1. List LEU142, LEU169 from most exposed to least, where exposure is judged by having the fewest other Cβ atoms within 10 Å.
2. Applying 1/(1 + (r/R0)^6) with R0 = 30 Å to the Cβ-Cβ distance of ASP112 and GLN41, what FRET efficiency is obtained, to the nearest 0.05?
3. Kindly point out which whole DSSP H helices in the chain project their C-alpha atoms 15 angstrom or further along the helix axis while averaging a Kyte-Doolittle hydropathy of -1.0 or above.
4. Just want to confirm a number: the relative contact order over the chain, from Cα pairs under 8 angstrom separated by 6+ residues, in percent.
5. What is the set of long-range amide H partners of ILE10 at a cut-off below 5 Å, with H atoms built 1.01 Å from backbone N?
6. What list of ³J(HN,Hα) couplings, whole Hz, do you get for the stretch 73-81 from phi and the Karplus terms 6.51, -1.76, 1.60, once you set θ to phi - 60° and write x for glycine and proline?
7. How do PHE12, PHE58, PHE168 rank when sorted from fewest to most other Cβ atoms within 10 Å of their own Cβ?
8. Which one of ALA57, LEU103, THR119 is farthest out on the positive end of the charge dipole of the chain, using unit charges on Cβ (Lys, Arg +1; Asp, Glu -1) and the Cα centre as origin?
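Any read-out appearing in this document is the output of simple, stated calculations on the displayed coordinates, not a laboratory observation. Everything numeric here is computed off the predicted structure, so don't read it as measured data. Note that each Cβ is placed from the backbone with ideal geometry, even for glycine, and that neighbours are counted across all protein chains shown.
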Amino acid sequence: MRLLKNIVLIGFMGTGKTSTGRLLAARLGRPFIDTDKKIEQESGMTISEMFRIHGEAFFRRQEQEMVAKVARYTNTVIATGGGVVLFPENIARLKNNGVIIALTATIQTILDRTGRRNTRPLLECAEREHMITKLIEERAGLYQVAADYVIDTSTSSPQQITDTVVAFLRQGGYLRGRS
Ligand code: S3P
């Protein structure tokens, strides 16, 4: 049986991980998993509810458990939450069996994209731009270090981002697998 690495999308909120992941999985004929969605399904509550009721630290533990679980899969496209890089063991696990693609975007793009729906507890504040800037400052280096490949999505559609990811995967031989 051919074993293929997972394709793992990391990056800040609003960089297009979920929409790109879904398209990429469909294009490659692989299963798609979004860790946030899976945490919501298994816990029966939204991420916002989880932050409000149990706090961020509780969510981070659920996220770590979910990452440990999905990192054991193969052949799967995995979209992660923006904070997955905060814990080095998350990245170590995902890297062990996956190729890591970081999606980036400008602060203005993130502000626009995340303003459409209010599903992100960390951005439920008056000073959204300030918060985004601060969190990106803290995390930008972590995304860069973790990534095998980085794509700026600011001016691209999910379709175009998917094309870029597929081209990178082809070139790197990631779509051929190992016996
Ligand atoms: C978070 C990003 C969210 C979600 C949670 C925390 C973060 O995921 O996991 O609200 O810390 O950046 P998305 O990046 O999919 O929005």
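1. On the way: LEU142 18, LEU169 21.
With the sparsest Cβ surroundings first, the list reads LEU142, LEU169.
2. 0.60
3. Numbers: long enough: 17-28 (16 Å, -0.04); 56-70 (21 Å, -0.73); 128-146 (26 Å, -0.33); 158-171 (20 Å, -0.01).
Helix filter hits for the chain: 17-28, 56-70, 128-146, 158-171.
4. On the way: 260 pairs, mean separation 64.6, N = 179.
Relative CO of the chain lands at 36 percent.
5. ILE101, ALA102, LEU103
6. 6, 10, 6, 10, 8, 10, 9, 10, x
7. Numbers: PHE12 22, PHE58 13, PHE168 17.
Fewest-to-most ranking of PHE12, PHE58, PHE168: PHE58, PHE168, PHE12.
8. Value: LEU103.
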